[in-house]
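The structure appears below as structure tokens.
A short reminder: the numbers here are calculations on the coordinates, not readings from a lab. Bear in mind the structure is a predicted one, so any value in this text is a computation, not a measurement. Quick reminder, even Gly has a Cβ in these numbers, built from the backbone with ideal geometry, and neighbours come from all protein chains shown.
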Amino acid sequence: MELKDFLKKYLVGFKFMKSKTKKVLICGVIIVIVAFAGWWIFDVLSFKDRDCSDFSTQKEAQKFFESEKGLRDKDPHGLDRDNDGVACESLR
Ligand SMILES: [Ca+2]
């Protein structure tokens with residue numbers, strides 16, 4: 001099914017929905033968008049960049065590095081520049 005056909009099918013379905021159902025659907029979509037935007041803004045604002053100099057031992061840096069691995073970015077703080085899974089080798 002092409003995108004055009006897909007949209008046509010669902011937009012026609014939307015056209016024949018009851019007004020109250022449309023309002024509930026639109027509110028639901030808006031709530032989901034606002035929730036994702038809020039989560040994203042919170043995520044961006046609460047991020048505090050840490051560097052190797054913020055840690056006194058490699059073990060401490062490694063523990064933090066492993067706790068901060070995200071779904072998209074494995075090293076958001078740049079503690080493992082050579083990407084070998086070991087953070088802040090300079091502290092060894
Ligand atoms: Ca490394």
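Residues that are within 16 Å of the ligand (Cβ to nearest atom): find the helices (runs of 4 or more DSSP H) completely inside the chain holding 2 or more of those. Don't jump to the end; show me each part of the working.
Numbers: elements: 3-15, 19-46, 58-67.
Answer list for the chain: 58-67.
Give me the pairs, please: first residue somewhere in the stretch 65-82 and over 19 Å from residue 40 (Cβ atoms), second residue anywhere and β-branched (Val, Ile, Thr) and within 14 Å of the ligand (Cβ to nearest atom), beta-carbon distance under 8 Å, and either six or more positions apart or on two chains.
80/86
Select from the stretch 1-28 the residues that are more than 29 Å from the chain's Cα centre (by Cα) and among the β-branched types (Val, Ile, Thr) and list them in ascending order.
12, 21
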